[in-house]
Structure formats: structure tokens, C-alpha cells
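Accompanying notes for the structure given below.
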Amino acid sequence: STGIVNLAKTISAIWPEIKINILQSKGQQNNIYNHTNPNIVLATNQLYFSKPEIYDLLIIYHIDDLLHTKKWDRDEIAYLAIKQLTDRAQNVILLTALPDNPVIKAIANKAGKALYINLLQERYIGSFPPVSPLLKLHYSSRDKVSLQLKASKLYKKYIEILDKVDIVPPHFVNKLSSKMYKIEIILKTGLTPIILKYLPNGWQIDIEPT
């Protein structure tokens, strides 16, 4: 929100007559930039939760952050997130360093159907949902080294006993906070008794259904 306020100040210095509205979460409302009929609206993800409006021009920046995650459904989530915003404007500018990314191209060319067909083909090849269930095991700790050791030990055990299951090696996912780490192991299978039998205490389970 600090960056948005600084951006508002810069715009106001250039165009003093422009009315600016900053969309922020409750408790963070800015009285200076809170016009009811603004010329410019500045927002982060609060735009998703605001009342639907059609803007003349929508400029979206930092969208590349959506395309750098390691989640298997990253492209689907990124496309839906960007599409929700672009549907709110007559004209859209995407600020990106990845113009050839399939998600960006699908948005620019209004080719969402073609993108989904390609994503489904990739999931059939890689055995991801909806073709195959996905089992995600994750553990959180402040001790990054200990976390890595726990995950490596469990990964080796599952490799040993689940010889026909495709297992993605342990990898760190988004930090929960500046002092908390989270590691994840992905198994391309459903939940079975043998998986539970060797799963130590403290591990959490997420199941992506078919």
C-alpha cells in the first residue's frame, strides 16, 4: 500500500486536477485519495473484491509474479486472475517481461479455449488432475536445515516402498513468514494406507481430486 500511495503522489504532482481513488482493505482507507468519482483508481488485489465497474483503460503490472510459481496449476490460476481484471476494461495494457508466455499470449489474443486445450494435454502427459489425483504432503518449521532433512528422509522412504508412484522431490514453497519455512513433497497418486503408515507426525496432507 505504501507503493500505491507514492504512485498517487507522483500522479498528483503531474496532474493536480486528477481525482484519484485508492482501493485498500478495510482499516487502511486513505482519506486523501478517496474520491467517489475518480479519474484514476489504484489498487492491488483489492480490485478483485470491489464492485464491478468497466474502466476505460486498465494497466496491470507485476503480473509476472503469477507466472514464476512452481504450482502445477500455475498457468490456469494466472489466466483466471488476469482475465477477471481484463474483463473490467475496454482497453488493457499488460506490463510484462514475458510477452511470449502462453498465458500472456492467450490473454492478448483472447485465446483462452486454446490455452485450456494445451493445459489438458500437458496434464494427460504428466498425470496431473483431472487425469490423476495429486497428493501433496507439506511440513512447516523455523529450522530450514532440519526441514530439509525431514523431507529428504521421507522422500527416500516413499521412493523405496512406492516403486510405481511418480514422486516429485522435496521443494520449498512460499515462506509463511520471515521466520517460517514450508517444504512440500508431491505424489501422483491417491491417499493409501501405506502412505499414512509411514507419514510422521506433523506432516499435513492436501489432496487434489480428479
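Residues checked against (1) touching a helix residue (DSSP H, G or I) at 6+ places or on another chain (Cβ under 6 Å); (2) over 30 Å from GLU208 (Cα atoms):
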{"position": "ILE20", "(1), (2)": "yes, yes"}
{"position": "SER50", "(1), (2)": "no, no"}
{"position": "ILE59", "(1), (2)": "no, yes"}
{"position": "LEU66", "(1), (2)": "yes, no"}
{"position": "LYS70", "(1), (2)": "no, no"}
{"position": "LEU85", "(1), (2)": "no, no"}
{"position": "ALA89", "(1), (2)": "no, yes"}
{"position": "ASP100", "(1), (2)": "no, no"}
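For the stretch 42-65, filtering for residues that are touching a residue at least 24 places away in the same chain (Cβ under 8 Å), in a helix (DSSP H, G or I) and among the hydrophobic types (A, V, I, L, M, F, W, C) leaves 2. Does ILE32 meet the test of being surrounded by 14 or more Cβ atoms within 10 Å (Cβ to Cβ) and aliphatic (A, V, I, L, M)? In short, no. Checking each residue in the stretch 48-59 for being closer than 21 Å to TRP15 by Cβ and within 23 Å of the chain's Cα centre (by Cα) picks out LEU58, ILE59. Scan the stretch 53-69 residue by residue and report those that are open to solvent by 80 Å² or more (accessible area, probe 1.4 Å) and either aromatic (Phe, Trp, Tyr) or closer than 22 Å to ALA114 by Cα (or both). Scanning the stretch 53-69 gives TYR61, HIS68.
Tallying residues that are assigned to a helix (DSSP H, G or I) and in contact with a strand residue (DSSP E or B) (Cβ under 9 Å, 6 or more places away or on another chain) within the stretch 5-21 yields 5.
Of all residues in the stretch 107-146, those that are out of contact with any Lys or Arg (no Cβ under 9 Å at 6 or more places or on another chain), under 27 Å from ILE63 (Cα atoms) and surrounded by 15 or more Cβ atoms within 10 Å (Cβ to Cβ) total 3. Of all the listed residues (ILE161, ILE107, ILE77), the sole one being modelled with pLDDT of 90 or more, within 30 Å of ASN21 (Cβ to Cβ) and touching a Phe, Trp or Tyr at 6+ places or on another chain (Cβ under 8 Å) is ILE107. Identify, please: which residue in the stretch 147-179 is under 18 Å from ARG74 (Cα atoms) and open to solvent by 90 Å² or more (accessible area, probe 1.4 Å) and is, among those, nearest to the chain's Cα centre (by Cα)? Ranking the candidates gives ASN174 first. Restricting the stretch 134-157 to residues that are in a helix (DSSP H, G or I) and of a type in the set (A, V, I, L, M), which is farthest from GLY190 (Cα to Cα)? Residue satisfying both the conditions and the ranking: VAL145. Residues satisfying the criterion are absent from the stretch 10-31 (criterion: of a type in the set (Val, Ile, Thr), at pLDDT 85 or above and within 30 Å of LYS136 (Cβ to Cβ)).
The set of residues from the stretch 189-208 being modelled with pLDDT under 90 and more than 21 Å from the chain's Cα centre (by Cα) comprises THR189, GLY190, LEU191, THR192.
The test for being surrounded by 13 or more Cβ atoms within 10 Å (Cβ to Cβ) and within 28 Å of THR2 (Cα to Cα) holds for ALA89.
The values are calculated or read from the model by the stated rules, or taken from the named source; none is laboratory data. Keep in mind that this is a model prediction, so the values were computed, not measured. Neighbour counts are summed over all protein chains in view; Cβ atoms, including those assigned to glycine, are modelled from backbone coordinates with ideal geometry. To get the accessible areas, we keep the full protein, side chains included, count just its heavy atoms, and leave off ligands, DNA and RNA. Shrake-Rupley method; radii C 1.70, N 1.55, O 1.52, S 1.80 Å.
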